[in-house]
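Notes follow once the structure below has been shown.
The values are calculated or read from the model by the stated rules, or taken from the named source; none is laboratory data. Predicted model only: the values in this text are computed from it and were never measured. With ideal geometry, Cβ positions are generated from the backbone for all residues, glycine too; neighbour counts draw on all protein chains shown. What goes into the accessible areas is simple: the full protein's heavy atoms, side chains included, and nothing from ligands, DNA or RNA. Shrake-Rupley method; radii C 1.70, N 1.55, O 1.52, S 1.80 Å.
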Amino acid sequence: VTVMQRLTIHVLTLFPDIIDHYAKYGIVRRSVERELVQIHTVNIRDFTEDRHRTVDDTPYGGGAGMIMRADVLARSLESVSKSNDAGKVILLTPQGRTLTQTLANELSISGTFTLICGRYRGIDERFCERYVDDELSIGDYVLSGGEPAAMVVIDAVTRLVPGVMNDFESGLDDSFQNDLLDCPWYTRPVEFEGMTVPDVLMGGDHKKIECWRHEQSILRTKQRRPDMMKKYSTDK
Ligand code: 6GU
């Protein structure tokens with residue numbers, strides 16, 4: 001018997017519209033329509049208690065930038081955990097460990113997790129200490145907020161949920177999934193601005209084609225990602 005593996009992603013953000021809109025396109029949309037993935041956004045500002053709906057304040061000890069308040073974040077998270085299982089609580093921050101395919105695979109079978117999109121300078125450390133299970137970054141550069149990172153995580157994870165992708169899209173031979181970069185691909189027209197398609201691809205010898213593609217993958221990985229190549233050589 002096969003068990004349907006559903007995934008629920010809660011997203012705490014000051015800009016729920018960004019995430020809701022993103023979920024209306026492509027594979028993420030399809031996964032939601034098929035009820036394989038549920039994306040539930042929470043507007044952090046709905047959990048403020050003052051007239052100005054303040055979510056941030058100046059840092060103790062001084063310094064530029066604003067810090068998100070721990071109490072407002074705690075109430076936002078409570079709104080999820082009081083009626084649902086929030087699962088692993090993940091803060092999106094450049095201080096986190098970097099998202100990898102392995103991590104995406106793990107999250108895709110975890111059932112439920114909650115993403116928190118930080119804004120401004122950062123969030124009160126006491127909230128992290130009490131409520132955050134893991135901190136994730138999507139790379140070594142600074143974004144003004146966690147929302148683009150949340151979209152990246154949602155995309156990378158959703159496409160791995162069984163039943164989301166059809167056979168052709170199957171993520172199994174993607175770059176990174178097998179520790180090598182993908183090979184070059186070609187489609188019609190057969191001639192483009194004076195350039196042709198490699199003969200081997202036109203020959204119809206499927207064994208040869210498979211061999212060529214694997215070679216190309218190794219070549220590309222050596223040239224572009226020597227760091228990945230080292231790991232691949234060691235593993236094989
Ligand atoms: Cl998760 N957040 C922000 N603000 N910047 C980032 C990031 C996350 N990952 C890389 N840069």
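Of the conditions (1) open to solvent by 40 Å² or more (accessible area, probe 1.4 Å); (2) in contact with a Lys or Arg (Cβ under 6 Å, 6 or more places away or on another chain); (3) free of Cβ contacts under 8 Å to residues at least 40 places away in the same chain, Gly194 fails just one. Which one is it? Only one criterion in (1) open to solvent by 40 Å² or more (accessible area, probe 1.4 Å); (2) in contact with a Lys or Arg (Cβ under 6 Å, 6 or more places away or on another chain); (3) free of Cβ contacts under 8 Å to residues at least 40 places away in the same chain is unmet by Gly194, namely (2).
To keep it simple, each residue is scored yes or no on (1) within 9 Å of the ligand (Cβ to nearest atom); (2) over 24 Å from Glu78 (Cα atoms).
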residue: Gln101; (1), (2): no, yes
residue: Phe113; (1), (2): no, no
residue: Cys117; (1), (2): yes, no
residue: Tyr131; (1), (2): no, no
residue: Ser137; (1), (2): yes, no
residue: Leu143; (1), (2): yes, yes
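Would you confirm whether any residue within the stretch 105-121 is assigned to a loop (DSSP other than H, G, I, E, B), among the β-branched types (Val, Ile, Thr), under 23 Å from Ser137 (Cα atoms) and open to solvent by 40 Å² or more (accessible area, probe 1.4 Å)? Yes, some residue in the stretch 105-121 is assigned to a loop (DSSP other than H, G, I, E, B), among the β-branched types (Val, Ile, Thr), under 23 Å from Ser137 (Cα atoms) and open to solvent by 40 Å² or more (accessible area, probe 1.4 Å). All of (1) in a loop (DSSP other than H, G, I, E, B); (2) out of contact with any strand residue (DSSP E or B) (no Cβ under 7 Å at 6 or more places or on another chain); (3) of a type in the set (D, E, K, R) hold for Arg130 with one exception: (1).
Would you confirm whether any residue within the stretch 5-16 is farther than 20 Å from Ala149 by Cα and touching a residue at least 12 places away in the same chain (Cβ under 8 Å)? Yes, because at least one residue in the stretch 5-16 is farther than 20 Å from Ala149 by Cα and touching a residue at least 12 places away in the same chain (Cβ under 8 Å). Only a single item in (1) of a type in the set (A, V, I, L, M); (2) without any contact (Cβ under 8 Å) to a residue 12 or more places away in the chain; (3) open to solvent by 60 Å² or more (accessible area, probe 1.4 Å) is not met by Val142, and it is number (2). I'd like the residue in the stretch 55-80 that is in contact with a helix residue (DSSP H, G or I) (Cβ under 9 Å, 6 or more places away or on another chain) and open to solvent by 50 Å² or more (accessible area, probe 1.4 Å) and, out of all such residues, is nearest to His10 (Cα to Cα). Only one residue tops the list, namely Glu78.
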